[in-house]
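Readers should treat all values here as calculations from the given coordinates under stated rules, not as data from a laboratory. This structure is a prediction, so every number in the text was calculated from the model and none was measured. Cβ: placed from backbone, ideal geometry, glycine included. Neighbour counts: every protein chain shown.
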Amino acid sequence: MEKRFVVVILILVVGISVFYLPKDLFSEEEVLFRVEKGEGSKEIAHNLQNQGLIWWGPLFRLYSLTSGVSGKLQAGTYKLSPSIDTASLVKKMSRGEVATIKLTIPEGFTAKKIQERIKALTNLEILDLKEREGYLFPDTYLVTYDANAEEIVQMILDNFYKKTVGLEITKDIITMASLIEKEVITKEDKEIVSGIFWKRIDAGLPIESCATIAYVKEVDQWRYSFEDTRIESPYNTYLNYGLPPGPISNPGLESILAAIYPQDSQYWYYLSTPEGETIFSRTLEEHNIAKAKYLK
């Protein structure tokens with residue numbers, strides 16, 4: 001009698017343990033599972049079972065209750081698989097480890113390009129971000145599936161202020177940084193170009209930044225024609241003196257720091273070779289020689 005009782009208990013224990021195992025250990029399928037606000041462990045367990053993600057709903061509920069997290073299962077959209085065991089599912093939901101989309105904003109992206117990338121990844125319509133140009137900090141963001149357009153934009157703006165806290169940030173600084181970001185690549189070149197631009201402004205000379213022509217035309221090219229530099233626009237730094245009316249891209253921290261801390265030098269001109277090297281010149285004559293040599 002005792003042996004039979006022990007056998008029955010063992011069978012029950014093994015049987016219950018099996019139900020705690022993944023529904024399909026080798027499954028590579030991933031699905032989005034939504035937990036609505038106000039749903040408890042009973043509703044969540046029922047939905048998990050209906051979607052084929054667990055063996056038996058009551059055991060999910062039992063585990064969440066005995067673990068003391070039944071009331072802590074968080075609403076949101078989760079990326080789940082039948083290969084996840086019950087304990088891991090409960091832990092994921094109690095921690096609110098919701099599914100995310102990776103949004104990467106490269107340095108120098110314009111507000112328009114950022115807007116297009118967000119739409120492509122999330123299918124959300126973003127309001128015109130042009131007024132935020134310069135302050136959409138380039139970085140990689142983890143966006144939840146439930147985030148709306150305003151929340152995504154606010155997250156990016158908050159990151160800008162977090163990364164630049166303690167710095168002397170003005171509109172002119174961000175505008176200058178946005179030009180530098182599009183002009184040259186290395187930290188050293190950025191600092192020297194920053195010095196050249198500020199020096200030319202102080203001397204009453206036009207900056208003559210090709211990056212501003214790219215912004216006006218909305219086309220990135222290696223070289224622009226003389227006719228391009230004659231396009232009427234307040235952003236055209238060949239025709240207008242000083243900085244353009246506002247930023248032309250969204251710069252990274254390195255370019256912002258270069259705008260704040262320019263490198264003084266003997267140079268007044270520079271150009272970029274097809275290989276990405278920056279050639280600096282002290283005089284217009286040197287600059288013309290460099291153009292003839294490198295920009296054939």
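Counted by neighbouring Cβ atoms within 10 Å, the residues K163, K293 run from fewest to most as K293, K163.
Cβ crowding within 10 Å ranks S64, S249, S83 as S83, S64, S249, fewest other Cβ atoms first.
Computed from phi, the 3J(HN,Hα) profile of region 188-204 under the Karplus parametrisation 6.51, -1.76, 1.60 (θ = phi - 60°) reads 5, 5, 4, 5, 5, 4, 4, x, 5, 4, 4, 5, 5, 4, 4, 7, x Hz, with x in place of Gly and Pro. Here the Karplus curve 6.51 cos²θ - 1.76 cosθ + 1.60, taken at θ = phi - 60°, turns the phi angles of region 247-259 into couplings of x, 10, 6, 10, x, x, 5, 4, 6, 5, 5, 5, 5 Hz, with x standing for Gly and Pro. Overall shape: rounded for region 177-296, with the ratio a/c of the largest to smallest alpha carbon gyration tensor axis below 1.5.
In a Gaussian network model over the chain where Cα atoms closer than 10 Å are linked, find which of V69, V153, V184 has the largest mean-square fluctuation. For the chain, modelled as a Gaussian network with Cα springs under 10 Å, the answer is V69. Between E275, E188, E232, the residue with the greatest mean-square fluctuation in the GNM of the chain (Cα pairs under 10 Å linked by springs) is E275. Return the FRET efficiency for the residue pair Q154, R95: r is the Cβ-Cβ distance, R0 is 30 Å, and the value is rounded to the nearest 0.05. The value I calculate is 0.80. Near Q74, the amide H atoms lying under 5 Å from its own belong to S94, G96; only residues 5 or more places off or on other chains count, and H is placed 1.01 Å from N.
Straight-distance candidates among the lysines for linking to K72, with alpha-carbon spacing under 18 Å and chain neighbours fewer than 8 residues away dropped: K37, K42, K91, K92. Going down the table (K217/K296; K171/K199; K130/K187; K113/K217), which pairs top 21 Å between alpha carbons? Long pairs (Cα-Cα over 21 Å): K217/K296; K130/K187.
Only one residue of N159, S67, N123 has its Cα farthest out toward the positive end of the dipole of the chain, where Lys and Arg carry +1 and Asp and Glu -1 on Cβ, and that residue is S67.
Here the Karplus relation 6.51 cos²θ - 1.76 cosθ + 1.60, evaluated at θ = phi - 60°, turns the backbone of region 285-296 into coupling constants of 4, 4, 5, 5, 5, 4, 5, 5, 7, 9, 10, 6 Hz, with x for every Gly and Pro.
Each helix, a run of at least 4 DSSP H residues, gives -39500 (n - 2.57); summed and divided by the residues of the chain, these come to -14000 deg cm²/dmol at 222 nm.
Note on the chain: with a GNM built from Cα contacts shorter than 10 Å, the maximum mean-square fluctuation among S27, S178, S265 falls on S27. From the alpha carbon centroid of region 23-72 to that of region 181-213 is 58 Å. To one decimal place, what orientation-averaged projected area in nm² is obtained for the convex hull of the Cα set of region 100-163? That works out to 3.7 nm², a quarter of the Cα hull's surface. For the chain, a simple Cβ point-charge model (Lys and Arg +1, Asp and Glu -1, everything else neutral) yields a dipole of about 1040 debye relative to the Cα centre.
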